[in-house]
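Let me begin by presenting the structure, written as C-alpha cells, before commenting on it.
Readers should treat all values here as calculations from the given coordinates under stated rules, not as data from a laboratory. Everything numeric in this text was worked out from a predicted model, so none of it was measured. Note: ideal-geometry Cβ built from the backbone for every residue, glycine included; neighbour counts use all protein chains shown.
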2 protein chains.
Amino acid sequence: LAHLTDIYLSIHGWVVVSCIGASIGAIAAMLNIITEWLSDIKLGYCTTGFYLNEKFCCSGVDAGCPEWRHWSSWSIFNYLIFVTMSVCLATMSAFLVKSYAPYAAGSGISEIKCIVSGFVMKGFLGGWTLLIKSLGLPLAIASGLSVGKEGPSVHYAVCAGNVIARCFPRYRRNAAKMREILTACAATGVAVAFGSPIGGVLFSLEEISSNLSLKTMWRSYFCALVGTGVLAAINPFRTGQLVMFQVHYDRDWHFFEIIFFIVLGVFGGLYGIFVSKWNLEVQAFRKKHLGRYAIEEIACLAAITAIICYFNQFLKIDMTESMEILFKECEGEEDYAGLCEPSNRSHVIASLLFATIVRILLVIVSYGSKVPAGIFVPSMAIGASFGRLVGILVQILYESHPESGFFAACSKDGQCITPGTYAFLGAAAALSGIMNITVSVVVIMFELTGALTYILPTMIVVGVTKIINDKFGKGGIAEQTIFFNGFPFLDKEEHVFGVNVSDVMIQGISVLPSYGMTLGEVEELLKRTKYGGFPVVEDTRSMILSGYIGRTELQYAIERAKRSSPLQPTAKCFFTTPDQRPLHPASVSAITANSASNGNSVVGDTYDGDSALVSSRNDGSFTDMQTSVTRFKMSRSTSPQPGPLRIDIPNDQGEAPTLLPAVVIAGQSSTTGMPEDDHGGIHVDFSQFIDITPITINPKFPLETVMELFKKLGPSVILVEHRGRLCGLITPKDLLKYQFNKH
Amino acid sequence: LAHLTDIYLSIHGWVVVSCIGASIGAIAAMLNIITEWLSDIKLGYCTTGFYLNEKFCCSGVDAGCPEWRHWSSWSIFNYLIFVTMSVCLATMSAFLVKSYAPYAAGSGISEIKCIVSGFVMKGFLGGWTLLIKSLGLPLAIASGLSVGKEGPSVHYAVCAGNVIARCFPRYRRNAAKMREILTACAATGVAVAFGSPIGGVLFSLEEISSNLSLKTMWRSYFCALVGTGVLAAINPFRTGQLVMFQVHYDRDWHFFEIIFFIVLGVFGGLYGIFVSKWNLEVQAFRKKHLGRYAIEEIACLAAITAIICYFNQFLKIDMTESMEILFKECEGEEDYAGLCEPSNRSHVIASLLFATIVRILLVIVSYGSKVPAGIFVPSMAIGASFGRLVGILVQILYESHPESGFFAACSKDGQCITPGTYAFLGAAAALSGIMNITVSVVVIMFELTGALTYILPTMIVVGVTKIINDKFGKGGIAEQTIFFNGFPFLDKEEHVFGVNVSDVMIQGISVLPSYGMTLGEVEELLKRTKYGGFPVVEDTRSMILSGYIGRTELQYAIERAKRSSPLQPTAKCFFTTPDQRPLHPASVSAITANSASNGNSVVGDTYDGDSALVSSRNDGSFTDMQTSVTRFKMSRSTSPQPGPLRIDIPNDQGEAPTLLPAVVIAGQSSTTGMPEDDHGGIHVDFSQFIDITPITINPKFPLETVMELFKKLGPSVILVEHRGRLCGLITPKDLLKYQFNKH
C-alpha cells in the first residue's frame, strides 16, 4: 500500500495537469461548436436540423446548399434580422457578465499576469467566472463584435485550472505550485484557441510568467499537449486538423520584397501604439461615464458593428474565415468575392481599406468593454486586410513594370508577388504590435498556417514591429492596461533610478519588540495600521533585527491563542525563539515556565495563509487587493505535537517552494501556552510564526538591485538593515509608487 | 554631431549584433560548402572542375552524371581510397586541434553553458579557437566520423561573437552585456546549423542561458535572424531553402499510432541514458589512457568507421542525407536503395538494425574525441534509422492484419502507415533524449522539415522521452559532461539540502580591517592566499562588516598605487570611505592630509577586471579556472579628475548591468595619494575599490535559498552576517563542493 501511495504521489502532479488540460480542451471544443452555430444563425437556419451550422448542414460544401436557408428572401428583412440577432447576442453576453461575474468581462490577460506574478485578486479565477466566461464568450463572438476569443480563452483556462487544482490540498495550500499550474493553464488556453501548442507554451513564457523556469515550461508543455490532444480528438472543426486553417504557399519570396515586409512591420508597430493609446482613452471614458450603462453600451456597439459590417465582404464574415480568405494564394483555389479577379481590383482595394480602418476603430471601442473580449484575432484580421492591400498594390506595381531591375529576381511566368503572403505577414505584424511579443507570434503564425518557407519574412516583419514598438511605444496592451488600472505589477523592463534604497524605503515603521508588548497593544497595532507585516526587533532601543511576521500570520496566531483559552489583553508577547532571546532573568524564567505548560490547541489544524485563489463570486472591485498582498504561505504538520513549522516561500517563477529547515522550539511543547511569569502575568509565545530569515539589505543598496530582488525572489517585503539594526523596509508597492511618481 | 553620436549609441548594440550575426551566417555558409565538397571527394571527383562536389558537378541531377567520376573503376580500389581519405581528413582535423587550439576539440556546449552562467575559461572563446574549429569541423565531418556539426557550430558562433564584440570597449568592459551577446551567438549557431532560427533561440533559452530574460531573447532573435538571413542570401545548398531538406506528409496520423509513438519516445529516453552513460565511461578511459595519443586515436576511429560503414547503405552516406532518405514518404518519390520496395523489406530491416546499433556504438566512442564533434545529427540519424525500422514493422503488422479492429481508423486504400513519419519522430526522440530538451526539439524538427501535421505526435514522443529521462536519467549529456569534468556550474535542478548556510559557509576567513594593515601585509595576504576576494570589516575585533573587495580589484589597486609613486611596505591602507570610518583622530587627520595631496595617476586608464574572454591561444588546461572566477567588472571614467567609480554588477541573465550610484570620496581629489599621517607614515586609500553593498545573509538562511540567490543574482560571493558582524562567506564553489560531497 505504501508503495502504491508512493506511485500515486509521484504521478499526482501529472494526473492533475492532465485533468486540467483535458478539461480545457473539452471546453474549447464545446465553445468552438457553439460559436460556429451562433455565428451562422444570424444569417439563416438549417432545414434538416435547427442545431446545425451552415457547414454541417451542407456537409462540407463550401458554397451553400438548399438545406441552408436565409431567414427570408427579402434582403432588407435579412439585414434587420442580422442586426437584431447581433444586438440580442451581445446584450445577453453583457447581461450575464454584469449580473453574475463582473470579472468575466474583458480579456483577463492583464489580471492573470498580476496573479501569476504573485499578487492576489479574490474571485478572479473562481468557478462562477469560469462558467460565465464560457457562456458569454460564444455569445460575444457570435454577435459580430470585433472581439477575439484568445484572451478569454486564457482566462477560462486559468479559471478551470484553478477550480480543479483547488480540489487537491497539495495545490490549494501551496501558492508556488498553484502559480506553476496557472502558467501551464494560460499556455493551454492559447494552445486550444489557436490549435498551436508550442505557440501557447511560448506565449505563456513570454507574456504571462514573470520568470522562466524549465519546470514550469515542461508543465506547460504537458498541459498544452493534453489540451490540444483532447481538442484534436473531439475534432470540433471536423477537418481533422488542429488548426483553424492551413495555407500552403507554392512560391518562394524574393529578397527585394524585404522592403515591403518592412512596411508591414512598421504598420504593425504603429498599429500597436495607436490602438493601445486610443483604447486606453476609450477605457478611461468608459470608466468615467459609462460605468452604469455597460449593457446599453454593448447593445449600441453591437448594433453599430452589425449595421456597418453587413455591407463589407470582409467585415461581414467571421474574422477567422476572413483571414483564411485573405491568406490564400489565388491560384487553383476558389475565389471569394472576386478577390483574385484582376478586373475587380479597385473595388477590392477600396473594400480592404475600408475594412482595415473600420475594424481598427471598432477594436478601439470594443476591446475592454464588459463582455469577454480578446484582441488577438481582431488584430490579426486588421493586419491581414492591410497586408493584402499592400500585396495587391505591390502586384500592380510589378505588373506595370515587369521588366524593371527591381523585379529582376522574379521568374518570367508573370507570377511574382503573392498578396496572400502579405496578408499573412501583416497579421503577424499586427499581433506582434499589439501584444509586444516576438517569438511566440512567429511560432503561432507558423503553427496556424504551416507556412514554413515564410519563416524568415515573418521574423523580419515581427522584428521591425518590435523595433518600432520599443522605440516609440510603451509596451504591449496588456502591460499598459495593468498600468492604467493601477494593478500592482513589477514589469519586466529595467528602470534606472540612480538612488539608493535608503531614499525610498519606509522609515519610522511599526515594529514588534521581541518581548514586552502586551497582547492588547499588539491587537491595537493591528487595528490601527494596515501594514502587511511587522519586523521583529530585539528591543525598540537597539532596533537589532531578529525577524519578521506577516499580518495574516499574526492575526491567525492571536486568534488561535485566544480560542485556546481566555487571554487578558495584558498578557505579554514573545516574538523570538528562546535561543535568540537576550538572556535577562525575566525572559529566562518565562521560558522555563513556558516549557512546563501544555496547550497544544493549534494542533491538527492547517492554516491557509494565502487566500489568493479562493473561488468565490465577489463584487468585482479590486479594492481588496490593497491589503491582501501576501506572498507567504504557511502549512503546518498535523502531528499531535506542534511539529516543525514549514514556511514555503513561493517565488515568482512558480518553482517548487524552498523548504526551510524546521524551526523546533527547544524545550517547549506548546506555542500558545500561557505560563504565568514571575509577576503573575501571562506570556504568549508567537515565535513559531516569525520568519527568522527575512531578506535584508544594506541602506546603500541601489534601487535597481532591490527591484531585481523583488522580481527574482518574490518576497513581499525587504528589510533594510545597517550593522544589524533595522533602518526601514520596502515593499513592491513602495517601489511601484516611487516609479509611478518618477515617470 | 552630438545628435549623431546619440543615434550611433542607440543603434550601436544592434550594429554589433548584426555584424556578429552576419559573420556567423557567412562562416556557416562557407563551412557548408567545404563540408559538402570534402565529403564527396572521398568517393570521386568532378571532371569539369576539381572544386565541385557531386551535386554541383551534375548540376542538380540526383542520380549522378558522367562528369562525376569515381576514383577508379575497381571497387576495391575505391574502397581503399575511401578509407585512406577518411583517415587523412580525420587526422588533419585532430592535428590542427592538438597543435593549435586544444579548446577546439569536442562540442563546446558544456563549456559555453559554464561561461554564460558566469564562470571564466581563458582562451576558450578566442580567435585561434574560432579559426581551428572552423577549419577542423569540415574535416572531421567529411571524414565520416559519427560526429555532427551543431555543437561545434554553437562554439564557433560564440567565438566569433566574442572576437567581434571585444573590438568594442562597451562590450569588452561589461561582462553582463558580453554574456547577452554570447547567448545570442549560441542561438545563431544552432540557427545556422539547422536553418532553424526560432529553434536556435529556444535552444539557447532552454539549454544555454541560465535564466530567461526577454531582452536576451530578443537579442538572440535578432542575431539568429541576421545569421540565417545571410545564410539564405549566400544560399550554400543552392536549393533556395534555408533547411537541409523539407518533407511533406500527405497522410495524417491516426490515434492508434500513439502506442507506437510511445515506443519511439521510450527509445529516445533509453538512448539518451545509455549513450551518455557509456560515453562518459569512454571519456574517462580516454582521459586516463589516451591523453597522449589523441591523433592516433582519431585515425583509428576514422579507419574503423570507414571500414565498417562503407558497406551499409545508410551509414556510408552523409548523416543528413541519410535522414532525408529515411524521412521520405515512399509515394511519388524516387526510391533509394530499395527502401520502399516491399520485396526488399527483410534486407532493409536488417540494414536499418545494423545501422542503428553500429551508429550508437560509434557515437559513444566518437563524441568527446579530440576533433570538433557534435552529437545532435548523429543522434537524429540513429533515431531516424530506428524509427524507420519501427515504421516498417508496423506497416508489416498492418498489412498482415488489415481488417483488425485495431487498424479500424485506416482508410481502405491499403496505405495507412507512413514509415517516414516514424523516422521523423524517432529522430526527434533521440535528439530530445540525448540533450534533455523539449520545446526546442519540437520547433527544430518542425523548422527542419515543415511537417506541421505531425506537431502533436512530435510533442507526444518528446514528452515520453522527457518523462523517461526525468525518471531514470541524470540530465542531458552536456550537463553530465560538466559534472564529469568538474566545471563549476550551478545546474537548473532544484536540490534539497535541509541545512542552513551556517553549516556550509567558510569560517575563519581572511578579512581586511578598514584601517590598520600595512601595504606589505596586504601583499603578503594576497601572496599567501588564493581567495577570490576579501571582506572588509571595521576592525578585526568587532568584525562589523563594511564591504568587500575582489582579489583582482585589490591587485590592480595596489599596482596602480605603486606605479604612481614609490610606496613603502609599511604604508597603511584604508579600506573604507571617510564617512564610514569610525571617527578617531588618526583617521581624521589622515583624510585631511589625503585631500591635500595630488596623485591622479590612475586617470585616463581603464581597467579590464574581467579577463574572462581574452582571446588567446593557451595550453588548453582548465586549471586556471580555479582561481580566475571573477564576476565583477569595473570601468572607470576617463575624466582628468578621478571621477565617480562605476561598478557594473553583471547578473547571470545577461541583462544590462545595474548602475550603482557613484561613490564620490568627499573632500578627496585622489584615490592613491599618499599623505603622511601624524606619525610620518603613509596612507593608501583603497576605498574606491570596495564594494560597499555586497550581498549579505543571515546564518540561518537555508542553503536552498542561497543557491537561488547565486543562480538568480549571480554574485561571486555571499557574505554571512549576523547582527552586523561577519560570520563567514560562501561562494558557488563551496556550494558545489557541498553538493558534490553529498551526492
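Straight-line cross-link reach from B:Lys466 at under 16 Å between alpha-carbon atoms covers these lysines, not counting any fewer than eight positions away in the same chain: A:Lys215, B:Lys474, B:Lys492.
Take every Cα pair under 8 Å whose residues are at least 6 apart in sequence, average their separation, divide by the length of the stretch B:17-485, and the relative contact order is 21 percent. The 3J(HN,Hα) values that the Karplus relation (6.51, -1.76, 1.60; θ = phi - 60°) gives for the stretch B:453-465 are, in residue order, 4, 9, 5, 5, x, 4, 5, 4, 4, 5, x, 4, 4 Hz. Gly and Pro appear as x.
For the stretch A:483-562, the residue among A:Thr518, A:Ile544, A:Gly486 whose Cα projects farthest onto the positive side of the dipole built from Cβ charges is A:Thr518. Each of the peptides B:220-227, B:99-106 was scored by the mean count of other Cβ atoms within 10 Å over its residues; in descending order, highest first, they stand as B:220-227, B:99-106. In order along the stretch A:532-537, the phi-based Karplus estimate (6.51 cos²θ - 1.76 cosθ + 1.60, θ = phi - 60°) of 3J(HN,Hα) comes to x, x, 9, x, 10, 10 Hz; Gly and Pro are listed as x.
The stretch B:371-437 and the stretch A:370-441 have their alpha-carbon centroids 37 Å apart.
Partner shielding of A:249-256 amounts to 1, given as the average count of beta-carbon atoms from other chains within 10 Å of each residue beta-carbon. Toward the positive end of the charge dipole of the stretch B:17-485, with +1 on the Cβ of Lys and Arg and -1 on the Cβ of Asp and Glu, the farthest Cα among B:Ile307, B:Ser75, B:Leu130 is that of B:Leu130.
With its label point defined 7 Å out from Cα along the Cα-to-Cβ axis, B:Asp539 lies at 2.4 nm from the matching points of the other copies, in increasing order.
In this assembly of identical copies, the label point of A:Ser59 (Cα plus 7 Å along Cα-to-Cβ) is separated from its counterparts by 5.4 nm, sorted shortest first. For B:Lys527, the lysines whose Cα comes closer than 19 Å to its Cα, not counting residues fewer than 8 places off in the same chain, are B:Lys562, B:Lys572. Neighbouring Cβ atoms from other chains, within 10 Å of the Cβ of residues in A:452-461, number 6 on average. As a ratio to 2.2 N^0.38 Å, the alpha-carbon radius of gyration for the stretch A:403-443 is 1.64.
Note that the stretch A:385-397 has calculated 3J(HN,Hα) couplings of 5, 5, x, 4, 4, 4, x, 5, 4, 5, 4, 4, 4 Hz, one per residue in order, obtained from phi through the Karplus relation 6.51 cos²θ - 1.76 cosθ + 1.60 (θ = phi - 60°); glycine and proline are x.
Estimated translational diffusion coefficient (Stokes-Einstein, Kirkwood radius over Cα pairs, 20 °C, 1.002 mPa s) of the stretch A:197-316: 109 µm² per second.
Between B:Ile357 and A:Arg170, what is the FRET efficiency for a Förster distance of 41 Å, r being their Cβ-Cβ separation, to the nearest 0.05? Efficiency computed from Cβ-Cβ geometry: 0.40.
In this structure, the amide hydrogen of A:Val720, modeled 1.01 Å from its nitrogen in the peptide plane, lies closer than 5 angstrom to those of A:Ile697, A:Cys727, A:Gly728, A:Leu729, A:Ile730, counting only residues at least 5 positions away or on a different chain. Per residue of A:694-703, other chain Cβ atoms within 10 Å of the residue Cβ number 5 on average.
Sorted from nearest, the other copies put their B:Arg563 label points 7.1 nm away, the label point being 7 Å from Cα in the direction of Cβ. Each listed q (0.15, 0.19, 0.21 Å⁻¹) maps to a log10 I(q)/I(0) for the stretch A:1-134 from the Debye sum over equal C-alpha point scatterers, namely -0.93, -1.14, -1.24. Listed by Cβ neighbour count within 10 Å, with the fewest neighbours leading, B:Val147, A:Val706, B:Val230 appear as B:Val230, A:Val706, B:Val147.
In the stretch B:17-485 the Cα-Cα distances spread across 10 Å bins starting at 0 as 4, 21, 32, 27, 12, 3, 0, 0 percent of all pairs.
In the structure shown, the pairs A:Lys530/A:Lys733; B:Lys471/B:Lys733; A:Lys712/A:Lys737 are assessed against 24 Å; a Cα-Cα span above that value is assigned to B:Lys471/B:Lys733.
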